[in-house]
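The values are calculated or read from the model by the stated rules, or taken from the named source; none is laboratory data. Given the structure is predicted, the values throughout are model-derived calculations rather than measurements. Glycine also receives a Cβ, built like all others from the backbone with ideal geometry; neighbour counts cover every protein chain displayed. Each accessible area value is taken on the protein alone, full model and side chains, heavy atoms only, with ligands, DNA and RNA left out. Shrake-Rupley method; radii C 1.70, N 1.55, O 1.52, S 1.80 Å.
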Amino acid sequence: MRALVVILLSAAAVAASTGQKLGAGVALADATSIKALYETPEQFIGKTIRIDGVVTAVCEEMGCWMAIGADAKAEQVVRLKVGHEGGIVFPLSARGKSASAEGVFEKIAATDEESQRAAGEQAATGAAAAFGKTYQVKALGAVIK
């Protein structure tokens, strides 16, 4: 019985130190800087990337997107978007917390109404409207710390 308690406490400590895993979590070891995405976005299209930073905004209706910047007051932010089939819901409680996230960097098609709506919501938060209307990360997973 005592051994079981020790194992459960150890597992809880590991979970707490790694953060809240969403979706597939994060597997890539190296992060792409948000600055690099802004400087040369076309070179990242179609690539699976990891970004690290602070959650600056979260979709308040369905948790279908969140924005990450280098810090809480960052002017350069990247939106991570999940589809309804994605199985990930970004919690409102993530706002202001450190996060790592990964997914496929993509250029938003003019016909992608869902992403265009998310871009409009993100712009309403005052975050990087032009970049957010053009590019996003199709999220595969994240870890909120």
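For segment 104-131, a tally of residues being under 20 Å from THR32 (Cα atoms) and modelled with pLDDT of 75 or more returns 6.
Taken over segment 56-109, the criterion of being of a type in the set (Gly, Ala, Ser), open to solvent by 40 Å² or more (accessible area, probe 1.4 Å) and within 19 Å of THR40 (Cα to Cα) is satisfied by ALA70, ALA109.
For every residue, the table says whether it meets (1) of a type in the set (A, V, I, L, M); (2) at pLDDT 95 or above; (3) touching a Leu at 6+ places or on another chain (Cβ under 9 Å).
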site: LEU8; (1), (2), (3): yes, no, no
site: ALA11; (1), (2), (3): yes, no, no
site: VAL14; (1), (2), (3): yes, no, no
site: LEU28; (1), (2), (3): yes, yes, no
site: ILE51; (1), (2), (3): yes, yes, yes
site: VAL58; (1), (2), (3): yes, no, yes
site: ALA70; (1), (2), (3): yes, no, no
site: GLU75; (1), (2), (3): no, no, no
site: GLY83; (1), (2), (3): no, no, no
